[in-house]
1. Filter region 29-78 for residues that are open to solvent by 70 Å² or more (accessible area, probe 1.4 Å) and in contact with an Asp or Glu (Cβ under 9 Å, 6 or more places away or on another chain) and give the result.
2. Kindly indicate which of 172, 128, 153 is hydrophobic (A, V, I, L, M, F, W, C) and touching a residue at least 60 places away in the same chain (Cβ under 8 Å).
3. Would you mind stating whether residue 237 is under 12 Å from the mean Cα position of the chain (by Cα), hydrophobic (A, V, I, L, M, F, W, C), over 21 Å from residue 40 (Cβ atoms) and open to solvent by less than 30 Å² (accessible area, probe 1.4 Å)?
4. Pairs please, first residue from region 53-76 and of a type outside the set (A, V, I, L, M, F, W, C), second anywhere and part of a helix (DSSP H, G or I) and open to solvent by 30 Å² or more (accessible area, probe 1.4 Å), Cβ atoms under 7 Å, 6+ apart in sequence or on different chains.
5. Of the conditions (1) more than 20 Å from the chain's Cα centre (by Cα); (2) open to solvent by 30 Å² or more (accessible area, probe 1.4 Å); (3) farther than 23 Å from residue 110 by Cα, residue 216 fails just one. Which one is it?
6. Across region 1-42, what is the total count of residues that are aliphatic (A, V, I, L, M) and in contact with a helix residue (DSSP H, G or I) (Cβ under 7 Å, 6 or more places away or on another chain)?
7. Only helices (runs of 4 or more DSSP H) wholly contained in region 72-186 count here; list those with 2 or more residues that are under 20 Å from residue 209 (Cβ atoms).
Amino acid sequence: MPVDWDRYLVRIGALLVAALGWHLASTYGFDFFVRFDNVPGPLVVGAEFLAQASSQEFYVHIFHSMQRIAMAYGLAVVLGVTLGVLMGRSRFAEDLILPYIEILRPIPAVAWIPLAILMMPTEQASIVFITFLGALFPIVINTVHGVEQTPKVLVRAARSLGASNAAILWHVVLPGALPSIVAGLAIGMGVAWFSLLAGEIISGQYGIGYFTWSAYTLVEYPKIIIGMLVIGGLGSLCTLLVRKACSPLLRWQTEGAKS
């Protein structure tokens, strides 16, 4: 598929416009409902970023965050898709599991921190646990939705041709549910980063969330913005990798009707 460079130019241009607005607001101390008089401008933040990029400790923070995301997200994908398929294919499984999902899902990541510290043997395990919970629920819900939306006529047709339940699941249900599952995986990655940072702020010693919170406590404003931008960049990159990894499985889909 050819690369549509015009779309990338529009996106880059949008980011440059935002950076220009940020620079002007910080330079002239914009103060109308939102205050920019104490916010460092992009040039100051850029200089500080270059300084941090030459520090080994900065990459240690990133490494710890990525390691936690990999462990927690991998567990969430395996368990979330499994539970979602079971719930989508079995009313008994749905009645058995759904109450736990609906009760635990609204609890924010920050509320889990004290219990995770009490339950888990190490701080690392507690952060991974909190991150895992954040990623799990979107994956489960989207998988259930995708499985339940599988046209029954396709299932009946496969069964009439002698397909077993396993064959129907593998060749009919899962391919039909994949768009919803992939959407859940992408959403789950974003929520995983949010949950990870909440855990790192409270109980971490390393990680980009700890880096950002430490900068706030030390009143190092440029480093706060660096932490935020790194979080956004890493989260976007991870979501993009998830979508790219799943795109070969969705080649049968037609492109949307965007103008």
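The values are calculated or read from the model by the stated rules, or taken from the named source; none is laboratory data. What you are looking at is a predicted structure, and each value in this text was computed from that prediction instead of being measured. Quick reminder, even Gly has a Cβ in these numbers, built from the backbone with ideal geometry, and neighbours come from all protein chains shown. Please note that ligands, DNA and RNA were not included when accessible areas were found on the heavy atoms of the full protein model with its side chains. Shrake-Rupley method; radii C 1.70, N 1.55, O 1.52, S 1.80 Å.
1. 30, 31, 37
2. Going through 172, 128, 153 in turn, just one is hydrophobic (A, V, I, L, M, F, W, C) and touching a residue at least 60 places away in the same chain (Cβ under 8 Å): 128.
3. Here the answer is no, as residue 237 does not meet what is asked.
4. 61/210
5. (3)
6. 2
7. Once the helices (runs of 4 or more DSSP H) in region 72-186 are filtered for at least 2 residues that are under 20 Å from residue 209 (Cβ atoms), what remains is 109-119, 123-148.
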